[in-house]
Amino acid sequence: MQLSLGDQPRPYVMAHRGASAVAPENTLAAFRRAIEDGAQVIETDLHLTRDGVFVCVHDSTLVRTTGEPGVVAQLTLAEVKRYGASSGLPEFAGERVPALEELTSILPPEVALALELKTDRFLEPEVARRLVDQIGAAGVKDRTVVLSFHLDRVLAVQAVAPEIPIGFMTMKRLAPTVPAQFVGPHWPLLVINPFYSAWAHRRGMLVAPLDPWPDRRLWLYRLLGCDVILTNDPASTLRRLGRKMD
């Protein structure tokens, strides 16, 4: 199964940690802004708190995100929520690290979800099952892809839910030869191997270059037939693609 957004135009625009160029990454403000800007996919990172809640945060600690010490896996959700996630920007003073449930509650039906699994906890069948059950209960399972630089994490999720497409990201693998439906090569790999996308397409894969600032290279990604464009600034990328939102 592939990530599919019906008859929406490709390449799909995927907001990297939300609209992280204009709002603090992985916050509800960033996710809402990305949706308003017209992103077709919202990408976020998942860790688990000590009480087993899936939270949208990139790092294993809160230091960079909130400026406060603390390891996400050692804190409860309530403890994580004590700290602001405004990145020092006064207009975002009320932002906190959101739970996945908060993100899925604001996701429109036409917008897909990409979840990067940031911890080996997802190797545990119980954790993988809870994630699948949660996105199922939220009504977003049919438009969710799980991603990782660690193939075993996404395979663990697919083992409990074969219908969920999985994505593998890589900084160095020159060929799309992994058992995945979605591949995210670091963008220079597409220059080194300009046949990467064609090879992936023959294997039924979607291609999304790892390039959070893609606008200057959109011509290349369109030439190579890339299916998804990752971006920190969905509004800018959509304008460059000729799909500026009103």
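Since every read-out is calculated from the coordinates, none of them should be taken as a lab result. Predicted model, so just to flag it, every value in this text is computed and none were measured. Methodologically, a virtual Cβ is constructed for each residue, glycine included, from the backbone with ideal geometry; neighbour enumeration extends over all protein chains shown.
Points worth noting:
- Subset of region 202-219 [touching an Asp or Glu at 6+ places or on another chain (Cβ under 7 Å) and in a strand (DSSP E or B)]: LEU206, VAL207
- Meets criteria (β-branched (Val, Ile, Thr), farther than 29 Å from LEU220 by Cβ, buried (at least 16 other Cβ atoms within 10 Å of the Cβ) and touching a residue at least 12 places away in the same chain (Cβ under 8 Å)) for VAL127: yes
- Test set (1) free of Cβ contacts under 8 Å to residues at least 60 places away in the same chain; (2) over 22 Å from GLY38 (Cβ atoms); (3) surrounded by fewer than 23 Cβ atoms within 10 Å (Cβ to Cβ); (4) of a type outside the set (Ser, Thr, Tyr) - TRP213 fails condition number: (2)
- Selected residue (only one of VAL183, VAL140 is surrounded by 24 or more Cβ atoms within 10 Å (Cβ to Cβ) and farther than 19 Å from HIS58 by Cα): VAL183
- Hits in region 1-56 (condition: of a type in the set (A, V, I, L, M, F, W, C), assigned to a loop (DSSP other than H, G, I, E, B) and in contact (Cβ under 8 Å) with a residue 60 or more places away in the chain): MET1, LEU3, LEU5, ALA19, ALA21, VAL22, ALA23, ALA39
- The set of residues in region 80-121 being part of a helix (DSSP H, G or I) and free of Cβ contacts under 8 Å to residues at least 40 places away in the same chain consists of VAL80, PRO90, GLU91, THR104, SER105, ASP120.
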